[in-house]
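What follows is a set of notes on a single structure, which appears directly below.
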Amino acid sequence: MSWWSRVFGGKSPRDVKPQRLDYLNEALMLERQGDYDAALTSYRLALRDKPDDHRVLQNMAIAFSKTGRHDEAVRCYRKALDLEPKLSGAHYGLAFLLLKKGDAEGAIQHLESFLRQPPSGAESERWVRHAQQTLDDLRNGTEPRAARELTEP
């Protein structure tokens, strides 16, 4: 057995293919560590591989939100919704960013979209209550109490 075969498991140089890094998982790991700028770099690399991946765009929007870059976050949420119009997390996140920018009508539209098809799961009830309370406050013309607790799902 040649040196090459031992190192690469019996494959010749022409059989060895470079492996792509999983940039999405790398970005998620970096976010968990609180390194949002590095996570955004990994998300950009993931988008280079899959430019129409709504999951990457939604996660980028969250990272942009956490770094205070709300305009970029809005753009990412909107692009994600162009690709996947029923993406509930994007509707939720976009609603609260629009509310923060003073666009109550836009926020209402996205909260309604979120509530039409909310996510499922044990933790989703919290987000649904938050969205419903905010929507009720907006419809009643009062300052949304829940909007003060801006958090990402």
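The values are calculated or read from the model by the stated rules, or taken from the named source; none is laboratory data. Quick caveat: nothing in here was measured; it's all calculated off a predicted structure. Positions of Cβ are generated from backbone atoms using ideal geometry, with glycine treated the same way; all protein chains shown enter the neighbour counts.
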For region 33-52, check the following and say yes or no: at least one residue is out of contact with any His (no Cβ under 7 Å at 6 or more places or on another chain) and under 18 Å from residue 96 (Cβ atoms). yes
Residue 98 over 18 Å from residue 126 (Cβ atoms), assigned by TED's automatic domain parsing to the domain that holds residue 126, touching a residue at least 12 places away in the same chain (Cβ under 8 Å) and not in a loop (DSSP other than H, G, I, E, B): yes
Within region 67-74, can one find any residue that is in a helix (DSSP H, G or I) and either closer than 18 Å to residue 119 by Cα or of a type in the set (Lys, Arg) (or both)? no
Within region 120-132, does at least one residue satisfy the condition of being modelled with pLDDT of 90 or more and not in a helix (DSSP H, G or I)? no
Answer yes or no as to whether residue 86 is in contact with a Ser or Thr (Cβ under 9 Å, 6 or more places away or on another chain) and either basic (Lys, Arg) or modelled with pLDDT of 95 or more (or both). yes
Step by step: first the residues of region 65-95, then only those that are buried (at least 21 other Cβ atoms within 10 Å of the Cβ) and polar (S, T, N, Q), then the one that is nearest to residue 126 (Cα to Cα). Which residue is that? 88
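Please verify whether residue 125 is closer than 18 Å to residue 58 by Cβ, surrounded by fewer than 20 Cβ atoms within 10 Å (Cβ to Cβ) and either assigned by TED's automatic domain parsing to the domain that holds residue 58 or charged (D, E, K, R) (or both), treating the condition exactly as stated.
Details: closer than 18 Å to residue 58 by Cβ: no; surrounded by fewer than 20 Cβ atoms within 10 Å (Cβ to Cβ): yes; either assigned by TED's automatic domain parsing to the domain that holds residue 58 or charged (D, E, K, R) (or both): yes.
It is false that residue 125 is closer than 18 Å to residue 58 by Cβ, surrounded by fewer than 20 Cβ atoms within 10 Å (Cβ to Cβ) and either assigned by TED's automatic domain parsing to the domain that holds residue 58 or charged (D, E, K, R) (or both).
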Going by the conditions given, is residue 44 modelled with pLDDT under 95 and either over 22 Å from residue 116 (Cα atoms) or not in a loop (DSSP other than H, G, I, E, B) (or both)? no
